[in-house]
Amino acid sequence: MRNSWIYLLAIITILPVFTNCSKKSDDNSNSPTPLTVTDSDGNVYQTIKIGTQVWTTENLKTTKYNDGTAIPFVTGSTEWSNLTTGGYCWHSNIAAGKNAYGALYNWFTVSTGKLAPRGWHIPSDAEWTVLTDFLGGESVAGGKMKSTGNIEAGTGLWYLPNEGATNETGLSIVAGGFRGPTGEFWNIGFSGDLWSSTESIASASWYRYPVSSGGNINRNYYNKTGGMSVRCIRYF
């Protein structure tokens, strides 16, 4: 099932972009109209306030750092696995998924401090914890973050069962999968893997990932050469 990209690509071409789903929950009812933020490529992202934090509601897809420098685009598995500096790709090297799922970045790209648009940053592990605690803990927060619908019915960007998905936060997290440290691609439609900016050990860093099979969001660490999606954060 992990190699279902061809079927998924057909779905992408007929689906609207689900990253602009419902914007508000009751906890955010007193916040102003959500801002937008623009990256160095000119891509515009909607944002949502959750507690004291403001998050982008789509995965980042910029090909440039916020100083205008190009991020290396790396498709080959050997080249990817040998990276010790920043690089990005599209899942399965298919650019058609860009608008739905965004780009996959290795952690060296995140650690530059220049990936997010100016005035924004990539969330730390502690900032992810603030969010999940605000939403009631890891066991339920994933469902509140995930976009709704499913690929099989043509109504969303997750494979069934997309359990617990309400998207009541408006974060609209999608199942962008990830790229392994040796260059292989995994889990599109099944997990939404999102970097934090925080190291775990010398070779790995923390990330969070909701999954199709539950309403939870998981915390783990992964090799820095892996490729994952990125969200951006600032404070109100």
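Only the coordinates and a few stated rules stand behind these numbers; no lab work does. Quick caveat, the model's predicted, so the values are computed rather than measured. Positions of Cβ are backbone-derived with ideal geometry, glycine not excepted, and every protein chain shown enters the neighbour counts.
List the residues whose amide H sits under 5 Å from the amide H of PHE185, counting only those 5 or more places along or on another chain, with H placed 1.01 Å from N in the peptide plane.
So PHE185 has HN proximity to GLY180.
Find the percent of Cα-Cα distances in the range 55-130 that exceed 21 Å, and round it to a whole number.
The calculated P(r) of the range 55-130 puts 28 percent of pairs beyond 21 Å.
Could you give the size of the charge dipole of the range 5-229 about its Cα centre, using +1 on the Cβ of each K and R and -1 on the Cβ of each D and E, expressed in debye and rounded to the nearest 20?
Charge dipole, the range 5-229, about its Cα centre: 300 debye, nearest 20.
Per DSSP helix of 4 or more residues, -39500 (n - 2.57); summed, then divided by the residues of the chain. What does that give at 222 nm, rounded to the nearest 500?
Helix-only estimate at 222 nm: -4000 deg cm²/dmol.
Excluding CYS232 itself, calculate the net charge of residues whose Cβ lies under 15 Å from the Cβ of CYS232, where each Lys or Arg counts +1 and each Asp or Glu counts -1.
+4
Residue-wise, which Karplus ³J(HN,Hα) couplings in Hz belong to the range 38-51, taking 6.51 cos²θ - 1.76 cosθ + 1.60, θ = phi - 60°, and x for glycine or proline?
10, 8, 5, 8, x, 6, 9, 10, 6, 9, 9, 8, 10, x
Determine, from the Cβ-Cβ distance of SER124 and THR182 and an R0 of 30 Å, the FRET efficiency 1/(1 + (r/R0)^6), rounded to the nearest 0.05.
That pair, SER124 with THR182, gives E of 0.65.
What is the set of long-range amide H partners of LYS61 at a cut-off below 5 Å, with H atoms built 1.01 Å from backbone N?
Distant-sequence amide H within range of LYS61: ALA103.
Please arrange TYR88, TYR159 by how many other C-beta atoms lie within 10 Å of their C-beta, fewest to most.
In order of increasing Cβ crowding within 10 Å: TYR159, TYR88.
How much net charge surrounds GLY214 when only the other residues with a Cβ under 14 Å from the Cβ of GLY214 are counted, with Lys and Arg +1 and Asp and Glu -1?
+2
Take the alpha carbon atoms of the range 101-163, find their radius of gyration, then divide it by 2.2 N^0.38 Å using N residues; give the quotient.
Relative to the rule-of-thumb radius for its length, the range 101-163 sits at 1.42.
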